[in-house]
Amino acid sequence: MEILFIDKEIKYTGTQLSPHWIYKNFKIKGNAIVSFIGECDVNLNHMVDIEDVINNEPIYSKKMLNFIEENYNSSLEEMVYKQRLLVTITKELIEKKSPNIKIIRNGDDLYINNKKLSVSIATKSITSTLIHFGLNINAQGAPINAADLIEDAKIDNVELFAKELLKNYKEETEDIRLATCKVRGVM
């Protein structure tokens, strides 16, 4: 799996959660996860989560740390497992960097003091499976009670945090793949 932190701001609108977006924009072919910072404004027309559409709950964050993953050989169920793994690794990294912060994981969501820190969805395209995972950097203007990385999680360098998270996630997914190669089949 290839990883990349994109050091230019990109507004996340939901349109980035589409097949080959990473390849077309960053020339990374194959399984990859990229991260970038920017405003997040997903209206209901680009919403992938049908529950959010039914509940009329668009997503907005003045500044968000976004992750987009595309995988060409995973089922949607496997991608949901990877999504939960990414969320869990994020929780562990925040707890390591800010040991006095209590983070609650509920499915694919992270909370600090009953305020939602993250948004996340896994979906399937005609050629691949995809994840969007976002962490509020500045939750000002969010339509819900939201936490953020700087004030609530006490992460002072979001770019370094993103790069470490990408590295940790890549190492974990590669270790899982290698674990499948070292076992003898049973009858």
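What follows is calculated from the coordinates using simple rules that are stated; it is not laboratory data. Here the structure is a predicted model, which is why all the values come from computation and not from measurement. Cβ: placed from backbone, ideal geometry, glycine included. Neighbour counts: every protein chain shown.
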When the helices in the chain are scored as -39500 (n - 2.57) per DSSP H run of 4 or longer and the sum is shared across all residues, what 222 nm value do you end up with, to the nearest 500 deg cm²/dmol? -10000 deg cm²/dmol
Lys154 versus Lys170: modelled label distance in nm, points set 7 Å from Cα along the beta carbon direction: 2.9
Out of these labelled values of mean projected area of the Cα convex hull in nm², [x] 14.8; [y] 15.5; [z] 11.9, which was calculated from the coordinates shown here? [z]
Inter-label distance for Tyr23 and Lys102, nm, one decimal - labels placed 7 Å from Cα along Cα-to-Cβ: 4.7
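Mind giving me the FRET efficiency for Glu95 and Glu9? R0 is 30 Å, r the Cβ-Cβ distance, nearest 0.05 is fine.
Approximately 0.60, to the nearest 0.05.
Report the charge-dipole magnitude of the chain in Debye, nearest 20, computed about the Cα centre from +1 at each Lys and Arg Cβ and -1 at each Asp and Glu Cβ. Intermediate results must be reported in sequence, preceding the final value.
On the way: 24 positive and 27 negative charges, 89 e Å.
Its charge dipole is roughly 420 debye.
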As I understand it, the value is the acute angle between the Cα axis of helix 158-181 and the longest principal axis of the Cα atoms of the chain; what does it come to in degrees, rounded to 10? 30
Given H placed 1.01 Å from N in the peptide plane, which residues other than close sequence neighbours of Ile137 have an amide H under 5 Å from its amide H? Lys63, Met64, Leu65, Leu149
Among Cys181, Ser18, Asn43, whose Cα sits farthest toward the positive end of the charge dipole of the chain (+1 at Cβ of Lys/Arg, -1 at Cβ of Asp/Glu, about the Cα centre)? Cys181
Angle between the Cα long axis of helix 76-97 and the longest principal axis of the chain, 0 to 90 degrees, nearest 10? 60
